[in-house]
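Here is the structure we will look at.
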């Protein structure tokens, strides 16, 4: 029998307000109220997995064990074909500031720097390097008794320079989804919630675990 989430509180294993807002918008129609790991005082664990799924499970397991509630974690990033799929699972690491607290999404990351690094490495790949890229998301759902599910989503597209738009977060201002002309930093949040990599993964989670 497939295990399902009941309405109520769910710990979202993130300290990133933008990510919490997107996940919350997807959860609330199902009667689930998200509360962030940061609000509950759960420290961010080391994300040393080699895949998005592995890192999502690390975060969800820590929260479920610490709080005693089901926990949902997202690990996502930008994979650029010209860079061999980088930054990939290191997408957040590329935004680390030398003068900021390492590994802290609260103040140690600058995605302007990260996007500039993507641009520089893309140019270094040489004339004719493809602009194709994709956002990848893994959602890990973990129960305190050890039950686990992982759902993965992808949205294909391309990178652009300069970044455009004030909406979204992370690499959104330099990513244009396939078939679109505006970046994820320019489109309405409601549209992004329908077409993003996170939305793709959430549709799979909802079909399996939500009523």
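The values are calculated or read from the model by the stated rules, or taken from the named source; none is laboratory data. Keep in mind the model is a prediction, meaning the values are calculated, not measured. Note: ideal-geometry Cβ built from the backbone for every residue, glycine included; neighbour counts use all protein chains shown.
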Does residue 153 fit the bill of being in contact with a helix residue (DSSP H, G or I) (Cβ under 7 Å, 6 or more places away or on another chain), surrounded by 14 or more Cβ atoms within 10 Å (Cβ to Cβ) and either at positive phi or in contact (Cβ under 8 Å) with a residue 12 or more places away in the chain (or both)?
yes
For the subset of segment 114-137 comprising residues that are surrounded by 14 or more Cβ atoms within 10 Å (Cβ to Cβ) and more than 23 Å from residue 187 (Cβ to Cβ), which member is nearest to the chain's Cα centre (by Cα)?
117
Test: residue in segment 33-54 that is in contact with a helix residue (DSSP H, G or I) (Cβ under 7 Å, 6 or more places away or on another chain) and under 28 Å from residue 164 (Cβ atoms):
yes
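Looking only at segment 200-211, which residues are within 16 Å of residue 53 (Cα to Cα) and either surrounded by fewer than 24 Cβ atoms within 10 Å (Cβ to Cβ) or in contact with a helix residue (DSSP H, G or I) (Cβ under 6 Å, 6 or more places away or on another chain) (or both)?
Step one: of segment 200-211, the residues within 16 Å of residue 53 (Cα to Cα) are 200-202, 204-205.
Within segment 200-211, 200, 202, 204, 205 qualify.
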Go through segment 5-25 and report how many residues are in contact with a helix residue (DSSP H, G or I) (Cβ under 6 Å, 6 or more places away or on another chain), closer than 18 Å to residue 58 by Cβ and not in a strand (DSSP E or B).
2
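Is it the case that residue 173 is outside any helix (DSSP H, G or I), at pLDDT 95 or above, crowded, with 16+ Cβ neighbours inside 10 Å and touching a helix residue (DSSP H, G or I) at 6+ places or on another chain (Cβ under 8 Å)?
Values: outside any helix (DSSP H, G or I): no; at pLDDT 95 or above: yes; crowded, with 16+ Cβ neighbours inside 10 Å: yes; touching a helix residue (DSSP H, G or I) at 6+ places or on another chain (Cβ under 8 Å): yes.
In short, no.
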